[in-house]
Amino acid sequence: MIIAIDGPAASGKGTLGKRLAAHYGLRHLDTGLLYRAVAKALIDGRQALDDVPSAVAAAKSLDPGRFDEAALKAHAVGEAASRVSAISQVRAALLTFQRDLGRTPPGAVIDGRDIGTVIFPDADAKIFVTATPEIRAHRRTLEFRAAGAAVTEADVLADILRRDERDMQRTVAPLKPAPDAHLLDTTRLDIDAAFRAAVDIVEAVRTGREHGRPRSRHGG
């Protein structure tokens, strides 16, 4: 089974993806970490973020088993990753890796920004997670502060709005819900409530398929 979870930054899709993977006994892949790793490789090598050959080389040499998730989730790396992810050659280099992981039994929960539209348009269940920019900024600020970073919520909000615009306006794999994705708005939901809603969506899709019914759209 493949569950595709898409959504903007700090919508809660990563945490949700981990919990769904544990619940269903599937692997989990946060594809955002792949792009963050490429960005960090460029930063560490003092290379420009628009250096396409270097970015592609970094993408082809990634070893997710050696990722330092804490380092990859630094504020500066996230901002750089948003720029790197707009490079079509980088996305192409990472596409095969993502598909191979998802198609290896028993399957996976994969979260990102183009999973249901590009990577797995045939996913068994698709969820598009969203929340207001202000709520997402508040959540991300708490994460950064818990990690010891001195940030202001206003700066984080400005960054999130920039990333939203870049992700939605890019010509390659823009951030948008797949036509058959189920919308899950987590603005007023804590992680437990969001998890229960996501499980309900997956179970409704599975039941619908078992009985030959088409998917229905879900409003969060």
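The values are calculated or read from the model by the stated rules, or taken from the named source; none is laboratory data. Values in this document were obtained by computation on a predicted structure and should not be read as measured data. Methodologically, a virtual Cβ is constructed for each residue, glycine included, from the backbone with ideal geometry; neighbour enumeration extends over all protein chains shown. SASA here: full protein model, heavy atoms, side chains in, ligands and nucleic acids out. Shrake-Rupley method; radii C 1.70, N 1.55, O 1.52, S 1.80 Å.
Computed from backbone phi, the HN-Hα couplings of the stretch 93-102 come to 5, 8, 5, 4, 4, 5, 5, 4, 5, x Hz, rounded to whole numbers (Karplus: 6.51 cos²θ - 1.76 cosθ + 1.60, θ = phi - 60°; Gly and Pro given as x).
Taking the centroid of alpha carbons for each part, the stretch 170-208 and the stretch 70-135 are 14 Å apart. Computed from backbone phi with θ = phi - 60° and the Karplus coefficients 6.51, -1.76 and 1.60, the 3J(HN,Hα) list for the stretch 12-21 is x, 5, x, 5, 4, x, 4, 5, 5, 4 Hz; x is used for glycine and proline. When you filter the chymotrypsin sites (Phe, Trp or Tyr not before Pro) in the stretch 95-160 for DSSP loop state and at most 14 other Cβ atoms inside 10 Å of their Cβ, nothing is left.
In the calculated pair-distance distribution of the stretch 85-220, the portion above 21 angstrom amounts to 53 percent of the Cα-Cα pairs. Coupling constants for the stretch 161-168 follow from the phi torsions by the Karplus curve (6.51 cos²θ - 1.76 cosθ + 1.60, θ = phi - 60°), and in residue order they are 5, 5, 5, 4, 4, 5, 5, 7 Hz; glycine and proline get x. Amide H contacts for THR187 (H built 1.01 Å from N in the peptide plane; partners 5 or more residues away or on another chain; cut-off under 5 Å): THR132. Helical runs assigned H by DSSP (4 residues or longer) give the chain a calculated mean residue ellipticity at 222 nm of -16500 deg cm²/dmol, each run adding -39500 (n - 2.57) before division by the residue total. Using Cβ point charges alone (K and R +1, D and E -1), the dipole size of the stretch 150-210 about the Cα centre works out to roughly 280 debye. As an exercise, use a Förster radius of 35 Å and the Cβ-Cβ distance of ARG46 and ARG99 to find the FRET efficiency, rounded to the nearest 0.05. Efficiency for this residue pair is about 0.65. By accessible area, using a 1.4 Å probe on protein heavy atoms only, the chain has 54% of its surface on carbon and sulfur.
The distance linking the stretch 1-21 with the stretch 23-51 is 16 Å (Cα centroid to Cα centroid, whole angstrom). If the chain linking ALA204 and ASP63 were pulled fully straight, counting 0.36 nm for each residue of separation and taking away their Cα-Cα distance, it would gain 47.2 nm. Projection of the Cα convex hull of the stretch 58-105, averaged over all directions and equal to a quarter of that hull's surface, yields 3.9 nm². When the chain is treated as a GNM with alpha-carbon contacts under 10 Å, the residue of ASP30, ASP124, ASP192 showing the greatest mean-square fluctuation is ASP192. Averaged per residue, the chain has 48 square angstrom of accessible surface, using a 1.4 angstrom probe with ligands and nucleic acids left out. For the chain, excluding the exposed loop sites themselves (trypsin sites (Lys or Arg not before Pro), DSSP loop, at most 12 other Cβ atoms within 10 Å), the longest remaining stretch covers 47-187. If you wrap the stretch 7-85 in the convex hull of its Cα atoms and look at it from every side, the mean projected area works out to 5.4 nm².
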